[in-house]
1. What share of Cα pairs, in percent, lie more than 24 angstrom apart in the stretch A:73-230?
2. Please give the charge dipole size of the stretch A:104-208, origin at the Cα centre, charges +1 on K and R Cβ atoms and -1 on D and E Cβ atoms. Round to the nearest 20 debye.
3. At 27 Å minimum axial length over the Cα atoms and a Kyte-Doolittle cut of -1.0, report the qualifying DSSP H helices in chain A, or say none.
4. Relative contact order (percent) for chain B, with alpha-carbon contacts under 8 angstrom and 6 or more residues of separation?
5. Taking the Cβ of B:SER146 as the center, what net charge do the other residues with Cβ under 10 Å away carry, scoring Lys and Arg +1 and Asp and Glu -1?
6. Semi-axes of the protein assembly as shown's equivalent ellipsoid from the Cα gyration tensor, sqrt of 5 times each eigenvalue, largest first, rounded to whole Å?
7. Provide, as a two-decimal number, the C-alpha radius of gyration of the stretch A:43-92 over 2.2 N^0.38 Å, N being how many residues it has.
8. So what's the net charge close to B:VAL21: Lys and Arg +1, Asp and Glu -1, counting the other residues with Cβ under 15 Å from its Cβ?
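Every number in this text was worked out from the coordinates using simple rules, so none of it is lab data. Nothing here was measured: the structure is a model prediction, and the numbers come from that model. Neighbour counts run over all protein chains shown; Cβ positions are idealised from the backbone, glycine included.
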Amino acid sequence: MAVVALRMLFGDRAKYLGLVFGVAFATLLVTQQGGMFVGLMTRTASVIEDVREADIWVMDPQALYIDTVRALRDTDLGRVRGVPGVAWAVPFYKASAPVKTLDGRIDNALLLGLDDATLIGVSHDVKLGRVEDLRQPDAIAIDEAGYLRLWPGEKLRLGRELELNDHRAMVVAITGASAAFTANIIIHTPYTRALDYLPQGRDTLSFVLARAAPGQTPAAVARAIAARTGLQALSSADFRWKTIDYYLAKTGIPISFGLVIVLGVVVGIAIVGLTFNMFVAENLRQYGALKAMGLSDLRLVGLVLLQGTVVGLMGFGIGLGLAASFFEFATQPPGALRGFSLPWWVAAGDAGLTALIVLLAMFASLRRVLVLDPAIVFR
Amino acid sequence: MAIAVDCHDVTKAFGTGDARVQALRGVTFAAAAGEMTLLVGPSGCGKTTLISAIAGMLTPDAGSIAVFGADLRKLSRGKLTAFRAKSVGFVFQQFNLLPALTATENASIPLRILGASAGEANRRAAVLLDRLGLAAHRDRFPDQLSGGQQQRVAIARALVHEPQLVVCDEPTASLDAQSGQAAMALLRDLAVRADRAVIVVTHDSRIFSFADRIAHMADGRIENVSIQDAEAA
Ligand SMILES: Nc1ncnc2c1ncn2[C@@H]1O[C@H](COP(=O)(O)OP(=O)(O)O)[C@@H](O)[C@H]1O
Ligand SMILES: [Mg+2]
């Protein structure tokens, strides 16, 4: 009888397409927005994630997330180094700086200053050049997307010059640093040079990056640092979540994405529900004839569920395919959406949501079929 | 005569209060195996209600209905559904073919409901369609068939699972005179068998001649039953 159910469904092409469109639309909206949301939230903490060597971040006790940090005292670095369980600790400078190309293009960059000796925190994804060359005078590393923003359409080339806060800077390496939330360009340079670029007051130390000694957990060492120094110390993972949580709780981003997702679900249920209801209503006589001829309610419900399942699978497949192509093509570097991807668990979650949409949409229809009086076929 | 369908004092009312309609007012009626019984009477007299009850689709308020010895009152909802699937063949005025299925597939549905494979069901349906003169139309869809052809597909569907009871509600009402006569002739030919009862509801006097027995109904009751010599038809 499954064949009968499918022939009934495909036989009504207009409604079948309407149903598949409804599910596909909802899936596309929910998956695309869900993926964007996850990408955006991940991006808020990309600077933390890109620093792979350190597993502890030490910062001002008041700091709420990575982008609001009051500088530490220079002496704090030594205090952190003195805490038992700390394998090493290095300074990390983070600020925003105006950049200008020689032909006058201006933009804003995230300037990251790395420990002069070790360059800890530099991007591990080097597209062109060598990070060791950062030790040369005026040397900086710039991310590929930032490079293409400053010199659109031009080939990657080392030795290019630009002005960083009116100081000369020369590109010696081009990196694949993860896109940051607050700036379009990411520049790495040694710590002391970063201070030359942006002379400020006495205190310039944004963060101390540290690593837990072997056999110690970052969280435990972070607690020891906090206890000994009175500073705020968090494991990289905790700091990443603290930052993401801040954006989740304190910005309208989750609400605006959430609204679109809810809208997708509601519109999906509405389109699919109305169309399915129409489909079932129009075929009520056929269901009635089958019922009169002795098809049990259970099998009849099975037929309707099969019809719904096929619609759900087709729609979900198309919607997911469209969303996946969006993430495939729209997020190519150096575009603004670079680094965004569709996590498998967003797709899986949306599969559950689609099943829910289809089930809810079919609810009224199933009821109609169940209460249907087979005697209508004699009318 | 071998009694196949035995109704005793069956009553059925629809609605309540002012809207209450007493459709059946104590119907006592029998149909024999090996015969075609016509149930005739003016519109609204309760014919459809009566055969719906006989076919196990409607529960009477009172009275008993036995079909080949089985007391329908004693059957649960599920058993009634199974009874319809196995023992009853239906022909409706509105044909009620599934538009997305071919003639063969439509005729094979009762076998599919009973669990036969598609191949077996289609094969048996095809044999019957051939006998109904539809060999050339087996793969057509209902909207590619004339009314008479559609009703012949419906007759094949009513007979394909060899039910003990065949009920037809106004089978010629949607057909022109000639197609109606042809459909009735085929129905008589193929449906009437020694071990089967065929009940045809109609108010079309042009087909009375096909009956072995005619039960006249009026206002929810059987008024009288006349025996016919169907061979004279
Ligand atoms: N489901 C129903 N609800 C209310 N009234 C009904 C229903 N079915 C039949 N009736 C009424 O019962 C009476 C008999 O109907 P029916 O058996 O269809 O007559 P017939 O088939 O002889 O024309 C009519 O008055 C009809 O309006
Ligand atoms: Mg009627």
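1. On the way: 4593 of 12403 pairs.
Everything past 24 Å amounts to 37 percent.
2. Details: 11 positive and 15 negative charges, 47 e Å.
Value, rounded to 20: 220 debye.
3. Numbers: long enough: A:13-44 (46 Å, 0.86); A:253-282 (43 Å, 2.18); A:297-329 (47 Å, 1.49); A:344-371 (40 Å, 1.54).
Those that pass (Cα extent of 27 Å or more, hydropathy at least -1.0) are A:13-44, A:253-282, A:297-329, A:344-371.
4. Numbers: 487 pairs, mean separation 66.9, N = 233.
Relative contact order, chain B: 29 percent.
5. Numbers: positive: B:ARG152; negative: B:ASP176.
Around B:SER146, the charge tally is 0.
6. Numbers: eigenvalues 1430, 119, 63 Å².
Here the semi-axes work out to 85, 24, 18 Å.
7. Details: Rg = 11.7 Å, N = 50, 2.2 N^0.38 = 9.7 Å.
Relative to the rule-of-thumb radius for its length, the stretch A:43-92 sits at 1.20.
8. +3
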